[in-house]
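Bear in mind that the values in this text are calculations on the coordinates, not laboratory data. As the structure is a computational prediction, the values presented were derived from the model and not from experiment. Cβ: placed from backbone, ideal geometry, glycine included. Neighbour counts: every protein chain shown.
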């Protein structure tokens, strides 16, 4: 769901970020091998690397004007490879570091830490999008980039930042997942999560053409997706059927959002 | 030879979702003729061409090719019949050779394998026939734009084109390359091909074309022999003016041009702005409180001047000085910070952000000033929006209404307010009243007048002569990328502006 929020920012500018799953893997592997330096430095290193990969996407897309789908697809492929190189060919990197594992397993006043993190991120994301200049620039760039540019909006740096944010959030998601598992699994973590994130965003009412974004919608979209998977699991129905239902929901959502022509 | 023209379009109608784009337009092309199609924006030139070449289905009228009724459903249909269009933006394959591009989709084959030898040989013959010196085996990407365009034309010829449409063929060519194009056209003409030549440059029309058809607002205006048509009459046809009307000026009795005082230092000086052939060493200055009108036909470079001053396009040479300080012309944000505002002529594509509210659109340029520590002050935003909505009389259900739901006039007011709330010193207005209703038009004109009185400098580009004559203190005229005249005081009249639009470098006496 963190990934979906980052994705919502990217899609609001009319772009797309396919690399999120691989960014999760890189963050996970980098953090796992850095745990010897202590939990906090390791987390910081992981997040910095994740943000840097996102920023790299952003630079290539905004300054060199290459299509986002191409760039992030390349990073999706390369990133997974890099994560596997770091983890010695995609082997599990187990660790035992209670401080770090607290991120995925700990409770504060009975609420899991990861839920608190998520809630904070959602709140912050809504605030950023609605009330900060960055958020307004995102909407302007996605709505009409030429017009925004002519009105003095720094379109290049806005796009760059958006991809960096997406990288950072993917990094956080990767670390939570890693902490919960107690090991870094570079070849599996975040696999095809980009598709779920895009689906959650679209179902939540953010059009792929950009210009509008609904963080709350994305949260609801992600919840719908999770609820479908979980309820199928719990009711002992085939997993494959849940995929079909998800696809149907995506189609329905897109159908309901198609632009009204007069 | 029959009297029937090679291609005849009769009473063509085309309607786009209720809006009539072409209304009873007729066009006849003779063999071996270069026929020019002219008209201002929205006249219907490209629609007519697309109907001719099968890209659009017509809603009425008839099309005859060599006397036989024709009905092209797709551009491929039209190509097969011999009607081919070569568009401005050449669409060919950059990484394939010249020969491959020319024979794309109709490669000569031997035993169902491509016969490369024959393909290259035939390409060579074809290019020689057109007087072109291009190696058929060169990859297209290694050629310059002019040669690519010639290849595109050659492709049309190889398809057996009887009618060849050239849409703005010279827009990206240099003078020398234009000469090559003329030579190709001359040869094709001798072979009996009819050529439709679309261009905004009068010199070219008079250099290569035999006849001209003028369209205006989707209607057929006239077809004339260019030899017998004076330039000034052609401009009159395009703009829908009578020559006699032009002479009786002062019918509006608005004549209140402020005398130009050459001693006051100018607010804005632009020197020697050049960008390819589109804009060639244009220099101008504007004083505080002055409205400088800029006239020129479409494609004359008028918008290029505004964009260059604003820093939206890179220029090869030239500098812009505002209030004694030079502005780094490469950076748009410097121009904005210095106090220059630019209202684009294309409100939809370059102005509004359709899905955002009036409030968001209005405050977009001023956002940095309304922000502290990254957070936009909603209170300040609302204050500004309220003030400007009242001042400009913007009619909207509320400030939160999406701008795309507003009328054109109200959208334009919001865009004007977007700049006014940044307290600019200098306004670049490109067609500020195009496509908006009469009421809003008057209000915007009055506002511009008022702003000038408050001491702003204004450069107002307009294709409406009344607006220029009544509104401007001075008028400069652009023609084919150059400033062709400057008119002051009594010299400013519709007549003198049209004359300057048509003729080169002429000083007009009242």
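Listing for the model above:
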{"read-out": "20 Å cut-off, amide nitrogen to a point 7 angstrom out along residue B:325 Cα→Cβ, residues in region A:115-158", "value": "A:151-154"}
{"read-out": "Zone of residue A:127's modelled label, taken as backbone nitrogen in region B:373-397 under 20 Å from a point 7 Å along Cα→Cβ", "value": "B:373-381"}
{"read-out": "FRET efficiency estimate (nearest 0.05) - Cβ-Cβ, residue B:186 to residue B:133, R0 22 angstrom", "value": "0.85"}
{"read-out": "log10 of Debye I(q)/I(0), alpha-carbon scatterers only, for chain B at 0.10 Å⁻¹", "value": "-0.89"}
{"read-out": "Radius, Kirkwood style, for region B:298-346 when every pair of distinct Cα atoms is counted (Å)", "value": "11.1"}
{"read-out": "Within region B:480-505: backbone nitrogen closer than 14 Å to the residue B:281 label point (7 Å, Cα to C-beta)", "value": "B:482-484"}
{"read-out": "Centroid-to-centroid separation of region A:40-63 and region B:361-407 [C-alpha atoms, Å]", "value": "35"}
{"read-out": "Most mobile listed residue (A:143, A:54, A:204) in chain A, GNM with C-alpha springs under 10 Å", "value": "A:143"}
{"read-out": "Evaluated at q = 0.12, 0.16 Å⁻¹: base-10 log I(q)/I(0), Debye formula over Cα of region A:2-190", "value": "-0.57, -0.93"}
{"read-out": "FRET efficiency estimate (nearest 0.05) - Cβ-Cβ, residue B:77 to residue B:118, R0 30 angstrom", "value": "0.65"}
{"read-out": "Test item: B:307-313 mean partner chain Cβ contacts at 10 Å", "value": "1"}
{"read-out": "Fraction of antiparallel bridges per DSSP, chain B only, in percent to nearest 5", "value": "55"}
{"read-out": "Contact order relative to length of region B:7-229, as percent, for alpha carbon pairs under 8 angstrom and 6 or more apart", "value": "30"}
{"read-out": "Segment residue B:57-residue B:219, length gained on full extension (0.36 nm per residue, minus Cα span)", "value": "56.5 nm"}
{"read-out": "Whole-percent pair-distance distribution, where bins are 10 Å wide, for the alpha carbons of region B:64-108", "value": "22, 44, 27, 8, 0"}
{"read-out": "Percent antiparallel among DSSP beta bridges (both partners in the protein assembly as shown, rounded to 5)", "value": "60"}
{"read-out": "25 °C / 0.890 mPa s Stokes-Einstein diffusion coefficient of region B:302-408, Kirkwood radius on C-alpha pairs, µm²/s", "value": "157"}
{"read-out": "Extension gain from residue B:11 to residue B:93, taking 0.36 nm per residue of separation minus the Cα-Cα distance", "value": "25.8 nm"}
{"read-out": "GNM result for chain A, Cα springs below 10 Å: residue of A:50, A:164, A:248 fluctuating most strongly", "value": "A:248"}
{"read-out": "Average Cα contact separation per residue, region A:2-190, under 8 Å, 6 or more apart, as relative contact order %", "value": "44"}
{"read-out": "Cα-based equivalent ellipsoid, region B:7-229: semi-axes from gyration tensor eigenvalues, Å", "value": "30, 20, 15"}
{"read-out": "Stokes-Einstein D in µm²/s, Kirkwood radius over Cα pairs - region B:327-370 at 4 °C with 1.567 mPa s viscosity", "value": "109"}
{"read-out": "Exercise: per-residue mean of other protein chain Cβ atoms within 10 Å, B:369-375", "value": "3"}
{"read-out": "Relative packing of peptides B:145-155, B:448-458 - highest average C-beta neighbours within 10 Å first", "value": "B:145-155, B:448-458"}
{"read-out": "Full-extension gain in nm, residue A:115 to residue A:254, via 0.36 nm per residue minus C-alpha separation", "value": "47.2 nm"}
{"read-out": "Hull shadow area, averaged, the protein assembly as shown [alpha-carbon convex hull, nm²]", "value": "41.4"}
{"read-out": "Where Rh is the Kirkwood radius over Cα pairs, Rg/Rh for region B:424-510", "value": "0.98"}
{"read-out": "Per-peptide average of other Cβ atoms within 10 Å, ordering B:296-309, A:90-103 highest first", "value": "B:296-309, A:90-103"}
{"read-out": "Debye-sum result for region B:268-502 in log10 I(q)/I(0), which assumes one identical scatterer on each alpha carbon, at q = 0.10, 0.11, 0.14, 0.18 Å⁻¹", "value": "-0.45, -0.55, -0.88, -1.39"}
{"read-out": "Chain B: relative contact order as a whole-number percent, Cα under 8 Å and 6+ apart", "value": "15"}
